[in-house]
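A.B. asks: I'd like to ask you about the structure that follows.
Laboratory data are not the source of any read-out in this text; all were calculated from the coordinates shown. Quick caveat, the model's predicted, so the values are computed rather than measured. Please note: Cβ atoms are built from the backbone with ideal geometry, for glycine as well, and neighbour counts cover all protein chains shown.
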Amino acid sequence: GRGCWRIYQSGAASFSVERLELEAGLRKAITSNELRLFFQPLVDLRTGRIDGFEGLIRWQHPVRGLLQPFAFIPSAAEAGFIRSIGRWVLREACREAIVWQQLFPDLGPLEVSVNVSPLEFRERDIVTDVASVLAQTGLDPHLLKLEIVESALMQDAEATMRSLAAFRDLGVKIAIDDFGTGYSSLSYLRRFPVDTLKIDRSFVEEATRDTSVMPIIRAIVSLAHALGIDVTAEGIETRQQLTLL
Ligand code: MN
């Protein structure tokens, strides 16, 4: 009508119906408690003790079952739900960390790590939101670690600097997630206050199959040690990987 065309393709239509359904489902997931936070242990290789956990989101979908983040986080981002999902994860992780303290006082302080998506990290209110979740839950800020991928830190160095300084003032720790696979500009390691490097799991996965991987892991570990930064290897699943690391 009025010189305006709309072209429909069956594939495109089913794609958007699928997306609308997913978006409606996500809205419901948040309000009717279908999101789940799973915890992966972080082990200190010197002592063999668990000293923290990383919270990983899943969606217990009423029809499709337990969904991994890649199946719904991109759509959640497009639909504008990332902030509400991110805050839910943060609250849930902090609340859970308090419960661990009460249940297992003998284990000592257990850290909780929360993944912050690039989209969330860019939001101006992220620092205020983290501060208010800490205040609400009563978690010691030193026990919270935010994991951020390299590419998110690199996008706007000035803004990153401000946010990281604010998190440091708050007492919250910062980890660079999936280290070694993003932009890998090493100069920012000097400038940004960072507590931990997390070696990307692809390196750990291939370490036992491909001998060219070990020098990279070794280099990341020495780099971190030399800078006084902690280093964590992601996704250790076999005894062999553990021994190599
Ligand atoms: Mn992570």
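A.B. asks: Placing +1 at every Lys and Arg Cβ and -1 at every Asp and Glu Cβ, with all other atoms neutral, what dipole size does the range 204-245 have around its Cα centre, in debye to the nearest 20?
C.D. replies: About 180 debye.
A.B. asks: At 222 nm, what helix-only mean residue ellipticity would the chain give, in deg cm²/dmol to the nearest 500, using -39500 (n - 2.57) for each DSSP H run of four or more?
C.D. replies: After summing the helix terms and dividing by the residues of the chain, the value is -14500 deg cm²/dmol.
A.B. asks: Right, another one. Taking amide H positions as placed in the peptide plane 1.01 Å from N, state which residues far from Leu67 in sequence (5 or more) or on other chains have amide H under 5 Å from it.
C.D. replies: Here Trp59, Gln60, His61 satisfy the definition.
A.B. asks: Taking the Cα centre of the range 1-150 as the origin and placing charges on Cβ (Lys, Arg +1; Asp, Glu -1), which of Ile73, Ser113, Leu45 is farthest toward the positive end of the dipole?
C.D. replies: Ile73
A.B. asks: Based on alpha-carbon centroids, what's the gap between the range 77-127 and the range 199-228 in Å, whole number please?
C.D. replies: Rounded to whole Å, the Cα centres lie 27 Å apart.
A.B. asks: Among all the lysines, which ones have a C-alpha under 30 Å from Lys198's C-alpha, if same-chain residues fewer than 8 places away are not counted?
C.D. replies: Here the lysines satisfying the reach criterion relative to Lys198 are Lys145, Lys173.
A.B. asks: Shifting gears a bit: Work out the length of the dipole vector of the chain about its Cα centre, built from +1 on the beta-carbon of each Lys and Arg and -1 on the beta-carbon of each Asp and Glu, and round it to the nearest 20 debye.
C.D. replies: On the way: 27 positive and 32 negative charges, 101 e Å.
Here the chain has a charge dipole of around 480 debye.
A.B. asks: Charges at C-beta only: +1 for Lys and Arg, -1 for Asp and Glu. How large is the resulting dipole of the range 43-100 about its Cα centre, in Debye rounded to 20?
C.D. replies: Value, rounded to 20: 120 debye.
A.B. asks: Farthest toward the dipole's positive end in the chain, which of Pro141, Ile220, Leu56, given Cβ charges of +1 (Lys, Arg) and -1 (Asp, Glu) about the Cα centre?
C.D. replies: Leu56
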